[in-house]
Amino acid sequence: MFGISVCLYLKYSLIRAYYHAEQIFKRIVIRNYLDAILTIDQGTTSTKSIVFSVSGDIISVCRRPTTQIYPENGWVEQSPNDILTSVISTMQDAYQEAVSKNADIKCIGITNQRETVVVWDKQSGEPIYNAIAWQDRRTTNQIDYLRKLGVEDLVKKSTGLVLDPYFSAAKIAWILDTVKGARKRAQKNELLFGTIDSYLIWKLTGGKHHKTDVTNASRTSLFNIKSLTWDTELLKIFNIPESVLPTVSKSAEYFGEISKTILDRTLPIFGVAGDQQSAMIGQSCFQAGQVKSTYGTGCFLLANTGHELLYSQNNLISTICYQVGDEISYGLEGSIFMAGASLDWMKDNLNLINNLSETESISQNLTTNGGVIIVPAFTGLGAPWWKPNARAAIYGLTRQVTKNELIRATVESVAYQTNDLVNCMIKDGVTPTEIRVDGGMVANHWFLKFLSDITQLKIKKPLIMESTALGAAMLAALGSGLLPSLEDISSRWRASFETTPNMLKKERAELTDQWTKAVRATIAFHEN
């Protein structure tokens with residue numbers, strides 16, 4: 001009898017323990033699902049607002065396209081008001097859908113297209129000119145003049161950047177010098193400058209906070225990435241008054257509260273990073289030597305170099321990956337101006353495809369590219385060539401070439417450009433074994449296999465494809481205390497697709513040699 005009682009007692013104890021464990025597990029899961037972050041992902045061609053759970057699951061998404069303006073050859077602009085409208089409308093829709101699913105949104109993260117410049121009136125909040133986009137090349141002559149003055153080494157030493165129209169400083173100076181009365185107004189402390197993150201923070205907080213984070217500041221050519229301060233010498237060189245600049249914060253800290261008029265409640269902004277650095281967070285590249293590459297409008301290959309500020313000897317740029325607490329991580333980056341945008345050209349300008357998803361089957365069904373090489377320098381060549389005056393070119397056309405060869409050659413060009421960057425990183429001392437990829441182009445698995453063959457590296461595609469937005473969400477979670485550490489983020493990363501190289505070395509060498517010849521011919525044609 002006693003033995004039976006003991007058995008029953010143990011049985012019910014186990015049942016009770018199981019029940020309590022189940023309830024604890026349910027509370028954890030429910031809490032992680034309900035505690036959520038609203039992320040604004042303001043990109044070049046679209047704005048997305050995504051609500052993530054703390055565990056990184058997507059609860060709701062809303063996307064709106066944005067319009068680019070091309071006033072002259074090499075000029076690219078956007079309407080700041082249109083950008084703001086797209087941000088607020090997507091925030092509201094994503095928020096409402098998430099609330100209907102019982103999400104309890106705790107904070108906001110922001111990630112943005114970098115280097116794009118807005119200058120606005122400090123009182124009215126109205127922009128004094130369109131946003132000048134990162135692809136814009138109008139300041140080429142100004143950059144050439146500064147190069148002749150011999151300031152390039154100083155710029156590189158302080159900022160990690162090369163002298164190029166890509167970065168923000170020359171664009172700010174152009175607005176101040178071109179818009180009537182702008183320079184005088186700036187000197188009288190009547191104007192403010194910001195990259196897109198700063199502009200959004202200022203607008204969303206009702207003009208209460210004029211801030212940016214270290215990653216966006218590091219892309220202006222005005223920020224000293226060693227001292228983490230605006231550089232007074234560079235401000236003099238570019239002739240920009242410090243009064244127009246935002247306060248620089250860490251990537252994961254308090255940036256202000258959004259106005260109650262937007263979502264009928266206030267919410268704190270706790271995480272901000274430029275899109276490529278945010279994607280690195282989303283891809284969990286926290287260890288020195290880890291590399292991610294994003295294939296959106298452009299392509300951006302970013303390698304984590306850890307606490308070491310590594311200066312490239314091969315025309316890459318040094319940048320800040322993130323600053324979380326007292327931890328700052330540096331990186332080497334190569335920027336390609338035309339990746340997915342080249343395929344948009346095929347679709348929108350030439351009507352060769354109806355949508356980008358067609359490119360995979362078209363590329364796969366061809367045995368070769370027909371000898372066609374496309375150099376997509378529509379807005380100049382970025383790293384490692386840095387030739388702002390170069391323009392796109394097609395080589396190897398014959399009567400046998402069809403639109404399919406042109407499409408495949410365009411897809412291939414992105415892999416060749418990536419390989420140029422990988423080679424430079426290797427020469428600079430970074431030895432990657434894999435690239436974690438994201439962006440719209442990685443839906444094309446043929447492209448990923450070709451990329452692996454050309455770079456001779458393993459390619460990994462993440463399970464959660466919204467890496468850029470996810471990174472900002474994770475920064476906000478860290479800043480607000482919803483997550484304890486970067487390691488906690490890293491433990492959750494998973495791949496959904498992997499591929500390894502299998503192309504013969506001889507074939508690869510022939511293809512990459514053809515590409516290099518085509519790039520050099522393009523540069524030579526536009527040299528003067």
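The values are calculated or read from the model by the stated rules, or taken from the named source; none is laboratory data. Owing to the predicted nature of the structure, the values given are computational and were not obtained by experimental measurement. Every residue, glycine among them, receives a Cβ derived from its backbone with ideal geometry; neighbour counts consider all protein chains shown. The protein model used for the area step is the full one, side chains on, heavy atoms only, and it has no ligands, DNA or RNA in it. Shrake-Rupley method; radii C 1.70, N 1.55, O 1.52, S 1.80 Å.
Return the sequence-ordered ³J(HN,Hα) values of region 263-275 in whole Hz as given by the Karplus equation 6.51 cos²θ - 1.76 cosθ + 1.60 applied to θ = phi - 60°, using x for Gly and Pro.
Computed from phi, the couplings for region 263-275 are 10, 6, 6, 8, 9, x, 8, 10, x, 9, 7, x, 4 Hz.
For region 439-510, rounded, prolate or oblate, judged on the Cα gyration tensor with a ≥ b ≥ c (square roots of eigenvalues), a/c < 1.5 rounded, else prolate if a/b > b/c?
Numbers: a/c = 3.61, a/b = 2.81, b/c = 1.28.
Taking the square roots of the gyration eigenvalues as a ≥ b ≥ c, region 439-510 is prolate.
With a ≥ b ≥ c the root eigenvalues of the C-alpha gyration tensor of region 386-458, is it rounded (a/c under 1.5), prolate (a/b larger than b/c) or oblate? Please report the intermediate quantities before stating the final value.
On the way: a/c = 2.30, a/b = 1.45, b/c = 1.59.
In terms of gyration-tensor shape, oblate.
Would you mind giving the average projected area, over all directions, of the Cα convex hull of region 237-359 in nm² with one decimal?
Quarter of the Cα hull surface area: 12.6 nm².
Order the peptides 211-221, 375-385, 420-430 from the highest to the lowest mean number of other Cβ atoms within 10 Å of their residues.
Numbers: 211-221: 28.4, 375-385: 23.4, 420-430: 19.5.
Output ranking for 211-221, 375-385, 420-430: 211-221, 375-385, 420-430.
Express as a percent, rounded to the nearest 5, the fraction of DSSP beta bridges in the chain (both residues included) that run antiparallel. Mind dumping the intermediate values first?
Details: 54 of 77 bridges.
Roughly 70 percent of the DSSP beta bridges within the chain come out antiparallel.
What per residue convex hull volume, in Å³, comes out for region 91-203 when only alpha-carbon positions are used? Let's see the in-between values first.
Numbers: hull volume 16.7 nm³, N = 113.
Dividing the Cα hull volume of region 91-203 by its residues yields 147 Å³.
May I ask you to give the solvent-accessible area per residue for the chain, in square angstrom, as obtained with a 1.4 angstrom probe?
Details: 21740 Å² over 528 residues.
Heavy-atom accessible area per residue stands at 41 Å².
Helix-only mean residue ellipticity at 222 nm, the chain, DSSP H runs n ≥ 4 weighted -39,500 (n - 2.57), per residue, nearest 500. What is it? Walk me through the intermediate numbers first.
Values: 18 runs with 212 residues, N = 528.
Result for the chain: -12500 deg cm²/dmol, rounded to the nearest 500.
Could you sort out which of LYS122/LYS188; LYS157/LYS292; LYS387/LYS517 sit more than 18 Å apart by Cα distance in this structure? All intermediate terms of the calculation are to be shown ahead of the outcome.
On the way: LYS122/LYS188 11 Å; LYS157/LYS292 25 Å; LYS387/LYS517 15 Å.
Those over the limit are LYS157/LYS292.
Ranked by accessible surface with a 1.4 Å probe, highest first, in what order do LYS347, LYS517 come? Spell out each step's value before the answer.
Values: LYS347 50, LYS517 150 Å².
Highest to lowest solvent-accessible surface, that is LYS517, LYS347.
Whenever you get a sec, compute what percent of the accessible area on the chain sits on carbon and sulfur atoms (1.4 Å probe).
On the way: 11200 of 21740 Å².
Carbon plus sulfur share of accessible area: 52 percent.
Hey, which of these cross-link pairs are over 29 Å Cα-Cα: LYS156/LYS449; LYS184/LYS208; LYS171/LYS226; LYS48/LYS156? Walk me through the numbers before you get to the answer.
Working: LYS156/LYS449 35 Å; LYS184/LYS208 24 Å; LYS171/LYS226 23 Å; LYS48/LYS156 33 Å.
In this structure, LYS156/LYS449; LYS48/LYS156 lie more than 29 Å apart at Cα.
Which loop trypsin sites (Lys or Arg not before Pro) in region 358-417, with loop taken from DSSP, have no more than 13 other Cβ atoms within 10 angstrom of their Cβ?
On the way: sites: ARG391, ARG399, LYS403, ARG408; in loops: ARG391, ARG399.
Answer by residue number: ARG399.
Would you mind checking region 323-363 for residues with the amide N under 11 Å from a putative spin-label position 7 Å along Cα→C-beta of THR140?
none
Please give the FRET efficiency for GLU327 paired with SER491, using the beta carbon to beta carbon distance and R0 = 25 Å, rounded to the nearest 0.05. Show your work: numbers first, answer last.
On the way: r = 17 Å, r/R0 = 0.69.
FRET efficiency, GLU327 to SER491: 0.90.
I'd like the accessible area for ASP57, computed on protein heavy atoms only with a 1.4 Å probe and all protein chains in place. Round to 10 Å², please.
Around 90 Å² of this residue is reachable by solvent.
Enter the per residue convex hull volume of region 209-274, computed from alpha-carbon coordinates, in Å³ rounded to the nearest integer.
On the way: hull volume 5.9 nm³, N = 66.
Convex hull of Cα atoms, per residue: 90 Å³.
Return an integer: the convex hull volume of the alpha-carbon atoms of the chain, in Å³ per residue. Each step should come with its number before you reach the end.
Numbers: hull volume 93.0 nm³, N = 528.
Residue-normalised Cα hull volume stands at 176 Å³.
Mind jotting down the three principal axis lengths of region 275-416 based on Cα atoms? Whole angstrom, largest first.
60, 30, 26 Å, listed from the longest principal axis down.
Just check region 147-238 against the gyration tensor rule for me: Cα atoms, a ≥ b ≥ c as the square roots of the eigenvalues, rounded for a/c under 1.5, and otherwise prolate or oblate depending on whether a/b exceeds b/c. Each step should come with its number before you reach the end.
On the way: a/c = 2.13, a/b = 1.30, b/c = 1.63.
Because a/c hits 1.5 or more and a/b fails to exceed b/c, region 147-238 counts as oblate.
Quick one: net charge around GLU190, please, counting Lys, Arg +1 and Asp, Glu -1 for every other residue with C-beta under 10 Å from its C-beta.
On the way: positive: LYS122, LYS184, ARG185, LYS188; negative: ASP121.
Around GLU190, the surrounding residues sum to +3.
Using all alpha carbons of region 171-211, what is the percent of pairwise distances in each 5 Å bin, ordered from the shortest bin to the longest?
6, 24, 24, 20, 20, 6
GLU527 to LEU504: FRET efficiency via 1/(1 + (r/R0)^6), r the Cβ-Cβ distance, R0 30 Å, to the nearest 0.05? Walk me through the intermediate numbers first.
Numbers: r = 35 Å, r/R0 = 1.16.
With a Förster radius of 30 Å, E is 0.30.
Given all pairs of different Cα atoms, what value in angstroms does the Kirkwood hydrodynamic radius of region 355-415 take?
Numbers: mean 1/r = 0.0807 Å⁻¹.
Hydrodynamic radius (Kirkwood, Cα only) of region 355-415 equals 12.4 Å.
What is the log10 of I(q)/I(0) for region 398-528, computed with the Debye formula using one identical point scatterer on each Cα and no solvent, at q = 0.12, 0.16, 0.19 Å⁻¹?
Evaluating at q = 0.12, 0.16, 0.19 Å⁻¹ gives log10 I(q)/I(0) of -0.62, -0.95, -1.17.
What is the list of residues in region 202-228 whose amide nitrogen lies under 12 Å from a point 7 angstrom out from the Cα of GLU152, following Cα to Cβ?
Under cut-off, by backbone N: nothing.
Amide H neighbours of ASP57 under 5 Å, counting only residues 5+ apart in sequence or on other chains, H built in-plane at 1.01 Å?
Counting only residues 5 or more places away or on other chains, the set is empty.
Give the separation of the Cα centroids, region 332-404 to region 178-236, in Å.
So the two Cα centres are separated by 35 Å.
Mind checking which lysines have their C-alpha under 21 Å from LYS403, skipping anything on the same chain fewer than 8 residues away?
Once the sequence-local lysines are set aside, what remains near LYS403 is LYS347.
How high is the FRET efficiency between GLN123 and ASN102 when r is their beta carbon distance and R₀ equals 41 Å, given to the nearest 0.05?
The computed FRET efficiency comes out at 0.50.
Please arrange LEU457, LEU463 by accessible surface area, largest first, computed with a 1.4 Å probe and ligands excluded. Let's see the in-between values first.
Numbers: LEU457 15, LEU463 115 Å².
Sorted descending by solvent-accessible area, the residues read LEU463, LEU457.
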